[in-house]
Amino acid sequence: MSSTQDVIVKSIFIDRYALLGLEIVNLIIGPFLIHVIVTKSKILGTFKWYLLNQTVFVQIFEFFIILLNPVLLNPYLSGFMSGILGPFIPYEGTLAICCICFCLLANMIVAVCLSVTNRFFFMFRPDFRKYLENKYTMCCLIGCHLSAYALVCVLFLVTATSPTILRQIAHNESSGLLDIYFDEPSLIYVSKYDVLPRMPFCTFIINKSSKMHVACF
């Protein structure tokens, strides 16, 4: 029994220019939503800043996803950019974009958790809000964010290679099934032996796949 699997990518996941309409709507509604949160939500108190933090990072992340349109080459941890900028992004640029997207994804997750925590304390344990809304907690959160950013960058730096070597590794581990995508300048491949980089990459795939599923259906 063969240990490899065919890599099949439907054209709808590559040519997703119809999503540009969604991005235009997003660019129009996004600033309006931010304006409403800042100027028309005084009754929400400090919660509006949590909501604003969450909204800003979600808007930026969605902008990157729709503009770049990353295509995943399952079952391998590989992919490329098929959006407007895809043909112009080299391997090094793909690494930088992945770092940025991972950081944005982390900010999104933390922002949602903070918003939910704030609402929980407000509704059920208002006496606990002082532990969340103080300079020590904020400094700790900022420090954790910066540490996470540094960790992601280090993971990519220590595992980065040249485009030629990357394609050779992809060819060997996929038994040639990924060769048809080697003409994509933004192609990226995470070896099955690189355990640490696979963890954030898998997190990004789960999040991206759920978003694309909603967009399709």
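Does at least one position in the range 166-184 carry a residue that is surrounded by fewer than 14 Cβ atoms within 10 Å (Cβ to Cβ), under 20 Å from the mean Cα position of the chain (by Cα) and among the polar types (S, T, N, Q)? Looking through the range 166-184, none of the residues is surrounded by fewer than 14 Cβ atoms within 10 Å (Cβ to Cβ), under 20 Å from the mean Cα position of the chain (by Cα) and among the polar types (S, T, N, Q). Of all residues in the range 76-102 being in a loop (DSSP other than H, G, I, E, B) and aliphatic (A, V, I, L, M), which is nearest to Leu20 (Cα to Cα)? Of everything passing the filter in the range 76-102, Ile84 is nearest to Leu20 (Cα to Cα). With respect to the conditions (1) at pLDDT 85 or above; (2) farther than 26 Å from Tyr181 by Cβ, Ala96 lacks only one, and its number is (2).
The single condition among (1) in contact with a helix residue (DSSP H, G or I) (Cβ under 9 Å, 6 or more places away or on another chain); (2) at pLDDT 85 or above; (3) not aromatic (Phe, Trp, Tyr) that Leu67 does not meet is (2). The set of residues in the range 103-160 being assigned to a helix (DSSP H, G or I) and of a type in the set (D, E, K, R) consists of Arg119, Asp127, Arg129, Lys130, Lys135.
Among the residues of the range 161-173, those identified as β-branched (Val, Ile, Thr) and either assigned to a helix (DSSP H, G or I) or touching a Pro at 6+ places or on another chain (Cβ under 8 Å) (or both) are Thr164, Ile165, Ile169. In the range 97-149, the qualifying residues are those that are exposed (fewer than 14 other Cβ atoms within 10 Å of the Cβ) and of a type in the set (S, T, N, Q), and the one that is farthest from Phe57 (Cα to Cα) is Asn134.
Pairs linking a residue in the range 23-48 that is at pLDDT 80 or above to a residue that is not in a helix (DSSP H, G or I), with Cβ atoms under 7 Å and 6 or more positions apart or on different chains, are Lys48/Ser41.
Residues of the range 58-84 that are over 26 Å from Val110 (Cβ atoms), β-branched (Val, Ile, Thr) and crowded, with 19+ Cβ neighbours inside 10 Å: Val71 alone. Return yes or no: is Tyr131 within 30 Å of Leu166 (Cβ to Cβ) and aromatic (Phe, Trp, Tyr)? No: the conditions fail for Tyr131.
The values are calculated or read from the model by the stated rules, or taken from the named source; none is laboratory data. In this text, all values refer to a predicted model and were calculated from it rather than measured experimentally. When we count neighbours, we look across all protein chains shown, and the Cβ atoms used for this are built from the backbone with ideal geometry, even at glycine.
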